[in-house]
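The values are calculated or read from the model by the stated rules, or taken from the named source; none is laboratory data. Here the structure is a predicted model, which is why all the values come from computation and not from measurement. Quick reminder, even Gly has a Cβ in these numbers, built from the backbone with ideal geometry, and neighbours come from all protein chains shown. In case anyone asks, the SASA skips ligands and DNA or RNA and just uses the protein heavy atoms, side chains included. Shrake-Rupley method; radii C 1.70, N 1.55, O 1.52, S 1.80 Å.
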Amino acid sequence: MATGTTPSSDRGVFTPGRAAITARHLRTDKWWLSPLVSAIALTIFVVYATWRAFANGDYYSAPYVSPLYSPCLASNCTDMNGGADWHIFGSWWGLSPALLVLVFPLGFRLTCYYYRKAYYRGFWLSPPACAVAEPHATYSGETRFPLILQNVHRYFFYLALVVAAILTYDVVLAFRDRDGNWGHAGLGTLVFVVNIALIWAYTLSCHSCRHIIGGKLRHFSAHPVRYRLWGWVGVLNGRHMLLAWSSLVSVGLADLYVYLVASGAFDDPRFF
Amino acid sequence: MTHTAHFRVWRGDADGGGLQDYDVEVNDGEVVLDIIHRLQATQAADLAVRWNCKAGKCGSCSAEVNGRPRLMCMTRMSVFQPEETVTVTPLRAFPVIRDLVTDVSFNYAKARQVPAFVPPKGVAAGEYRMQQVDVERSQEFRKCIECFLCQDTCHVVRDHEENKPAFAGPRFLMRIAELDMHPLDAAADQGLTRAASAQEDHGLGYCNITKCCTEVCPEHIKITDNALIPLKERAVDRKYDPLVWLGNKIRRREG
Ligand code: SF4
Ligand code: SF4
Ligand code: FES
Ligand code: FES
């Protein structure tokens, strides 16, 4: 008979009674590549965004405002010439104004069904890949605090609609020139248009959106308009992962662009 | 074209066992199950394997090939390099009976725990009328061949035996989603809110939507996107949405 094997633990795939195999997994493909790439990419973004959010500078260069700093809600905001700088928080707020608003997109992405998958796999290794044993002794998933809070995702979705609307306003303002006259477009305007398109596509492709718009219904036949909208959102939803990454990159690039222009490293090329 | 492939096949039973090496002939167009059958015919007459249709439709031949849960009859030999070792083991989430055959009764027990379709009042069997658009969504779920590859892959039970009593697994959470989306199911009239019960009684919260069930499903059912996440959203409606809760208090809603 075959060589006998004694598994090293008695949990999970090593539970007595299951086929005795010493390896935690027998995959021969590059299963580690995708969680590794996700983890690295997310880390890069988080480090970059943290630096930019705390920097409290170089986030405005007329007519462009960094998406990380809009709306700007504290009195210490740069004057934005008709932009979304509503100083409703007054002057007691001494830190970077980005911190006041970033919680919303952060919460939206942190509770996003796709990002959950990406960081559960990439950072928490739960599981690292399919049929690759996870390292944890116990697992309760999203059944209890704190992860049960992931269920609030839809409220972040509602807030994300507001944020997307404000960023759209910023993009409209990017069609003015430095002095506030309409009819301008620079490379920055193009960057902003692409970014807002991706943000809207990402936001509307959300699983909660798909549910609210029509997925919750039991009789599509009684709601033809919502059924059609559900179909459209479903098409976007099928690309949710792609949109999650591309909008993340575009937000980072839009901010980087504003930083380069505002810090004087670069002059915004003008189309008209 | 014919070549000789190197196979490692798990042999043994609940008391122990291990991977055994075989060199075996492979012809063009063959699948892993063909090779297992050739082994039976030529070198290992007592090799236990469960199979039936050899067409990817009965769901019997589930196993793990190079560590990936797959149907043996739908895994072409052409996806491997001729010199590559092909390792075949039984499903690693369930107790083994012998060689490649596992005891999948966990799944039948879970199936029985899902309350059946509740017929609507005053409509006799044979009188059910439904619109195609209303049943389309759940028709995707009915493609399921009950191979239990998703149940085998799901880390909630694969990596944590102790979660088995609490967690129905993707296949049966999908069944609950199917019934909850059913245009005629009248469970609610009997006080059964399927979405809430999925969370409270069938362990929906254990699923962390990491999509391995979707990745391995041979019927390409989008289990996570189309059943599990919608079911989570439905549970949120029932349990965590104050607006819906208020709406339900004020008037009974029929979607
Ligand atoms: S998505 Fe959920 S049910 Fe499917 S394998 Fe992952 S944890 Fe299990
Ligand atoms: S859902 Fe797919 S993987 Fe799961 S039992 Fe059905 S066919 Fe198999
Ligand atoms: S599911 Fe990703 S944003 Fe809602
Ligand atoms: S033998 Fe029927 S699915 Fe493989």
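Points to keep in mind about this one:
- Considering the conditions (1) outside any loop (DSSP other than H, G, I, E, B); (2) over 19 Å from A:I199 (Cβ atoms), A:F266 is excluded by exactly one of them, (1).
- Residue within the stretch B:174-194 that is charged (D, E, K, R), assigned to a helix (DSSP H, G or I) and under 18 Å from the mean Cα position of the chain (by Cα) present: yes
- Within the stretch A:199-221, the set of residues being away from ligand 3 (no atom under 12 Å from the Cβ) and either among the hydroxyl-bearing types (S, T, Y) or closer than 20 Å to A:V261 by Cβ (or both) comprises just one member, A:S221.
- With respect to the conditions (1) near ligand 2 (Cβ under 9 Å from one of its atoms); (2) farther than 25 Å from B:Y240 by Cα, B:K164 falls short on a single one, namely (1).
- Of all the numbered requirements in (1) among the small types (G, A, S); (2) open to solvent by less than 40 Å² (accessible area, probe 1.4 Å); (3) at the interface with chain B (Cβ under 10 Å from one of its Cβ atoms), A:A137 misses one, and that requirement is (2).
- A single member of B:A177, B:A168, B:A198 is closer than 20 Å to B:P115 by Cβ, near ligand 1 (Cβ under 10 Å from one of its atoms) and surrounded by 19 or more Cβ atoms within 10 Å (Cβ to Cβ), and it is B:A168.
- Of the residues making up the stretch A:201-215, one or more are more than 14 Å from chain B (Cβ to nearest Cβ) and of a type in the set (A, V, I, L, M, F, W, C).
- A count restricted to the stretch B:33-62 and to residues that are within 13 Å of chain A (Cβ to nearest Cβ) and more than 17 Å from B:H6 (Cβ to Cβ) stands at 3.
- Test: B:R11 is within 14 Å of chain A (Cβ to nearest Cβ), within 16 Å of ligand 4 (Cβ to nearest atom), modelled with pLDDT of 95 or more and under 22 Å from A:V132 (Cα atoms): no
- Exactly one residue out of B:D189, B:D241, B:D237 is more than 8 Å from chain A (Cβ to nearest Cβ), farther than 21 Å from B:C147 by Cβ and not aromatic (F, W, Y), and it is B:D189.
- Any hit, the stretch A:14-29, residues being loosely packed, with under 15 Cβ neighbours inside 10 Å and closer than 26 Å to A:I199 by Cβ: no
- Within the stretch A:156-178, residues that are among the β-branched types (V, I, T) have Cβ atoms under 7 Å from residues that are open to solvent by 30 Å² or more (accessible area, probe 1.4 Å) in these pairs: A:V163/A:F104; A:V163/A:P105; A:V171/A:V193, counting only partners at least 6 apart in sequence or on another chain.
- Residues satisfying the criterion are absent from the stretch A:253-271 (criterion: under 15 Å from the mean Cα position of the chain (by Cα) and free of Cβ contacts under 8 Å to residues at least 60 places away in the same chain).
- Scanning the stretch B:213-225 for residues that are crowded, with 23+ Cβ neighbours inside 10 Å and in contact (Cβ under 8 Å) with a residue 60 or more places away in the chain gives B:C213, B:V216, B:C217, B:I223.
- The stretch B:195-216, subset within 11 Å of another protein chain (Cβ to nearest Cβ) and not in a helix (DSSP H, G or I), residue nearest to ligand 3 (Cβ to nearest atom): B:I209
- Strands (runs of 3 or more DSSP E) enclosed by the stretch B:15-74 - at least 2 residues per element that are within 16 Å of ligand 1 (Cβ to nearest atom), at pLDDT 95 or above and open to solvent by 10 Å² or more (accessible area, probe 1.4 Å): B:68-71
- Residue check, A:S70 open to solvent by less than 60 Å² (accessible area, probe 1.4 Å) and within 26 Å of the chain's Cα centre (by Cα): yes
- Pair list, Cβ under 7 Å, 6 or more apart: the stretch B:133-154 residue more than 13 Å from chain A (Cβ to nearest Cβ), other residue within 16 Å of ligand 3 (Cβ to nearest atom): B:F141/B:A227
- Exclusive hit being within 14 Å of chain B (Cβ to nearest Cβ), out of contact with any Asp or Glu (no Cβ under 8 Å at 6 or more places or on another chain) and open to solvent by 50 Å² or more (accessible area, probe 1.4 Å), set A:L106, A:L110, A:L33, A:L95: A:L110
- Failed item in (1) surrounded by fewer than 18 Cβ atoms within 10 Å (Cβ to Cβ); (2) touching a residue at least 40 places away in the same chain (Cβ under 8 Å); (3) more than 16 Å from ligand 3 (Cβ to nearest atom), with A:V193 passing the rest: (2)
- Yes/no for B:R98 being more than 15 Å from ligand 4 (Cβ to nearest atom) and either away from chain A (no Cβ under 14 Å) or crowded, with 20+ Cβ neighbours inside 10 Å (or both): no
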